[in-house]
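> Okay, here's the structure, questions in a sec.
The values are calculated or read from the model by the stated rules, or taken from the named source; none is laboratory data. Remember, it's a predicted structure, so these values are computed and weren't measured experimentally. Cβ placement follows ideal geometry from the backbone for every residue including glycine, while neighbour counts extend to all protein chains displayed. Note: accessible area is taken over every heavy atom of the protein model, side chains too, but ligands, DNA and RNA are not part of it. Shrake-Rupley method; radii C 1.70, N 1.55, O 1.52, S 1.80 Å.
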Amino acid sequence: MISMQLLTLPPSPNNIKVRAALGYLQLPFEELPQDRDDRSALIAASGQPLTPVLIHDGLGVFDSAAILRHLHATTPGSTLFPHDPDAMRKLESWETQARYGVKESVGPMYWMFFGRMPATPEAQVAAAVALLRDTEALEKALSKSAFLMGENPNAADFTWAGVLAYNVGLATPRIQAAPFFSHFSEHYTLSAEQRPLVRAWVSRVLQYDAWIHG
């Protein structure tokens, strides 16, 4: 019996992040895509209008970072988060960079797409340059291991891979049909020459998201 439902706007990066983590943990769930213009089910489940929302045995959990922590706490044997305090601090540093450290790169890319800031050529170039800077540490870390903190993915990998899902040239039909795809592919794709390890790593992490490959 499936005890989890995930309320989503499927192409959203935070939804990609959570679905990939669920897939990695091999947890069955029912995905319930939401109408962008009708947030009533989200509000009823969690008291707020944003996706994703996980409903687990009647409990509504919102915010993608909180959902990953809930999954880790309720899944025996989960390796989404480490037990070692130093490793946890390192993971949270990666996680923070992905969530808040991209305010000059990925943030403006979405703001321009949604019309929240002018999509001038100068702003587009600035965001692309900032993205190269923001992914430099990722490329360096991935030269030492398959994932950011070793040979297996954890919450840091899922967080970053969700953020970069539209920047690495993924060619699946659902990614290409997503509303962001043309905007990102035209201006903000990290090339194989620029970030070969990052591109391959995002693909490895997002293999766990069945929606992307459906």
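> Assuming D57 fulfils every condition listed in (1) open to solvent by 50 Å² or more (accessible area, probe 1.4 Å); (2) within 20 Å of G162 (Cα to Cα); (3) of a type in the set (D, E); (4) touching a Ser or Thr at 6+ places or on another chain (Cβ under 6 Å) apart from one, which condition is it?
Of everything listed in (1) open to solvent by 50 Å² or more (accessible area, probe 1.4 Å); (2) within 20 Å of G162 (Cα to Cα); (3) of a type in the set (D, E); (4) touching a Ser or Thr at 6+ places or on another chain (Cβ under 6 Å), D57 misses just condition (2).
> May I pose another question? Return yes when S64 is touching a residue at least 60 places away in the same chain (Cβ under 8 Å), of a type in the set (S, T, N, Q), touching a helix residue (DSSP H, G or I) at 6+ places or on another chain (Cβ under 7 Å) and closer than 26 Å to L148 by Cα and no when it is not. Give the steps one after another, and end with the answer.
Numbers: touching a residue at least 60 places away in the same chain (Cβ under 8 Å): yes; of a type in the set (S, T, N, Q): yes; touching a helix residue (DSSP H, G or I) at 6+ places or on another chain (Cβ under 7 Å): yes; closer than 26 Å to L148 by Cα: yes.
Here the answer is yes, as S64 does meet what is asked.
> Take R174 and tell me if it is of a type in the set (K, R) and touching a Phe, Trp or Tyr at 6+ places or on another chain (Cβ under 8 Å). Reasoning before the result, please.
Numbers: of a type in the set (K, R): yes; touching a Phe, Trp or Tyr at 6+ places or on another chain (Cβ under 8 Å): yes.
Taking the combined requirement at face value, the residue satisfies it.
> Right, something else. On the basis of being among the β-branched types (V, I, T), buried (at least 17 other Cβ atoms within 10 Å of the Cβ) and under 26 Å from H83 (Cβ atoms), does T159 make the cut?
Details: among the β-branched types (V, I, T): yes; buried (at least 17 other Cβ atoms within 10 Å of the Cβ): yes; under 26 Å from H83 (Cβ atoms): yes.
Here the answer is yes, as T159 does meet what is asked.
> Does segment 192-209 contain at least one residue that is in contact (Cβ under 8 Å) with a residue 60 or more places away in the chain, closer than 23 Å to R36 by Cα, open to solvent by less than 40 Å² (accessible area, probe 1.4 Å) and out of contact with any Leu (no Cβ under 8 Å at 6 or more places or on another chain)?
There is at least one residue in segment 192-209 that is in contact (Cβ under 8 Å) with a residue 60 or more places away in the chain, closer than 23 Å to R36 by Cα, open to solvent by less than 40 Å² (accessible area, probe 1.4 Å) and out of contact with any Leu (no Cβ under 8 Å at 6 or more places or on another chain).
> Looking at (1) outside any helix (DSSP H, G or I); (2) open to solvent by 40 Å² or more (accessible area, probe 1.4 Å); (3) of a type outside the set (A, V, I, L, M), which is the only condition W111 fails?
In the conditions (1) outside any helix (DSSP H, G or I); (2) open to solvent by 40 Å² or more (accessible area, probe 1.4 Å); (3) of a type outside the set (A, V, I, L, M), W111 misses (1) alone.
> Could you name every one of the helices (runs of 4 or more DSSP H) located completely within segment 1-104 that has at least 3 residues being in contact with a Leu (Cβ under 8 Å, 6 or more places away or on another chain)?
On the way: elements: 13-24, 40-46, 64-74, 85-100.
Filter on segment 1-104 gives 13-24, 40-46, 64-74.
> With the checklist (1) open to solvent by 50 Å² or more (accessible area, probe 1.4 Å); (2) of a type in the set (A, V, I, L, M); (3) within 23 Å of T74 (Cα to Cα) in hand, flag the one item L42 doesn't pass.
L42 satisfies all of (1) open to solvent by 50 Å² or more (accessible area, probe 1.4 Å); (2) of a type in the set (A, V, I, L, M); (3) within 23 Å of T74 (Cα to Cα) except (1).
> So, in segment 114-153, exactly how many residues are open to solvent by less than 10 Å² (accessible area, probe 1.4 Å) and either of a type in the set (F, W, Y) or in contact with a Phe, Trp or Tyr (Cβ under 7 Å, 6 or more places away or on another chain) (or both)? I'd like the intermediate steps shown before the answer.
Let us first name the residues in segment 114-153 that are open to solvent by less than 10 Å² (accessible area, probe 1.4 Å), namely 127, 130-131, 135, 138, 148, 153.
Right, trim to either of a type in the set (F, W, Y) or in contact with a Phe, Trp or Tyr (Cβ under 7 Å, 6 or more places away or on another chain) (or both) and you get 127, 131, 138, 148, 153.
Count: 5.
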